Each structure stands twice: as C-alpha cells, then as structure tokens.
Amino acid sequence: MSDKIVLKNMVFYGYHGAFAVEKELGQKIAVDLEVYTDLQNLHDDTELSFNYVDAYTIVKEIVEEQEFNLVETLAETIAENILSSYDVEKVVVRVRKSQVPVGGYVDYLEIEIERPRRTSAVEHFPEDQA
C-alpha cells in the first residue's frame with residue numbers, strides 16, 4: 001500500500017534514557033509517525049479516515065506519561081499502540097532526542113522502526129481449510 005498519513009516532528013517533554021540525569025531533568029523528544037492505510041474510497045467522510053488527532057494523543061500520552069530506559073522501547077510502544085488501536089497496514093515510528101550523553105556533540109539520536117500489522121494464524125488458516 002502506498003497511501004500514508006504522516007505526523008511529522010511532534011515534540012513532547014519526556015523522561016527517557018539510561019542515565020539518572022535523563023530521568024530527573026527530562027528533555028524534548030520528537031516523534032514522527034507514518035501510518036500506511038488505504039485512503040481510497042473515503043468519500044470525504046471523516047469517520048472512514050484515520051483519526052490523526054487521536055493518534056497524536058496516544059503518542060503524547062506515551063511520551064509524557066511513561067518512562068523508558070531506551071528510546072527503542074519508546075518507539076516500539078508507540079508502534080504497538082497505533083497498530084492495536086487502528087486498522088492500518090503498517091506504521092513507521094521515528095523518535096529523536098538531542099541531549100545524548102555520548103561524551104561529545106551530536107545533533108540528535110534518531111531511532112526508526114517499521115512494524116507491519118501482524119495477522120493471526122486463523123487469518124492464514126481458516127478452520128474450514130485446516
């Protein structure tokens with residue numbers, strides 16, 4: 001599917017990182033969300049489209065209300081929540097943080113994950129064909 005909806009550079013304040021100072025002081029966390037879904041045949045009906053306002057709220061609550069040692073886990077949690085909340089084919093999540101304790105200067109650390117909708121075994125092997 002080539003149709004996608006993109007929420008680019010959503011910025012929140014979160015407390016994520018492996019070091020105590022990151023959890024104590026917090027920092028800005030930027031998130032991009034790409035959602036792949038069929039945008040054909042929507043007939044200008046908002047009820048048929050992906051609700052990006054709700055998706056923004058899901059991401060905001062995860063970033064601002066939970067704490068993770070790894071931004072990789074933060075990205076995975078966002079992907080899992082979007083996939084479980086909406087009928088979409090795939091999500092791509094990018095998480096960026098600029099204050100990375102690496103002993104030198106970097107613009108930011110970015111994690112990108114891509115997760116397809118998982119299908120159950122029942123969808124692959126219906127009972128009448130087993």
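Okay, here's what the table says:
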{"quantity": "Residue within segment 45-59 that is farther than 20 Å from D3 by Cβ, surrounded by fewer than 15 Cβ atoms within 10 Å (Cβ to Cβ) and under 15 Å from the mean Cα position of the chain (by Cα) present", "calculated": "yes"}
{"quantity": "From the options I58, I78, I29, residue that is aliphatic (A, V, I, L, M) and within 19 Å of F19 (Cβ to Cβ)", "calculated": "I29"}
{"quantity": "Residues of segment 9-37 that turn out to be part of a loop (DSSP other than H, G, I, E, B) and under 17 Å from E72 (Cβ atoms), as a count", "calculated": "5"}
{"quantity": "Any hit, segment 84-103, residues being out of contact with any strand residue (DSSP E or B) (no Cβ under 7 Å at 6 or more places or on another chain), polar (S, T, N, Q) and buried (at least 16 other Cβ atoms within 10 Å of the Cβ)", "calculated": "no"}
{"quantity": "Qualifying positions in segment 1-42 - of a type in the set (S, T, Y) and surrounded by fewer than 16 Cβ atoms within 10 Å (Cβ to Cβ)", "calculated": "S2, Y13"}
{"quantity": "1 or more residues at pLDDT 95 or above and among the aromatic types (F, W, Y): qualifying helices (runs of 4 or more DSSP H) within segment 44-130", "calculated": "52-65"}
{"quantity": "Hits in segment 1-43 (condition: of a type in the set (D, E) and modelled with pLDDT of 95 or more)", "calculated": "D32, E34"}
{"quantity": "Looking only at segment 1-43, and only at residues there that are over 12 Å from the mean Cα position of the chain (by Cα) and among the small types (G, A, S), the one that is farthest from V95 (Cα to Cα)", "calculated": "S2"}
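The values are calculated or read from the model by the stated rules, or taken from the named source; none is laboratory data. Here the structure is a predicted model, which is why all the values come from computation and not from measurement. For neighbour counting, all protein chains shown are included, and Cβ atoms are generated from backbone atoms with ideal geometry for every residue, glycine included.
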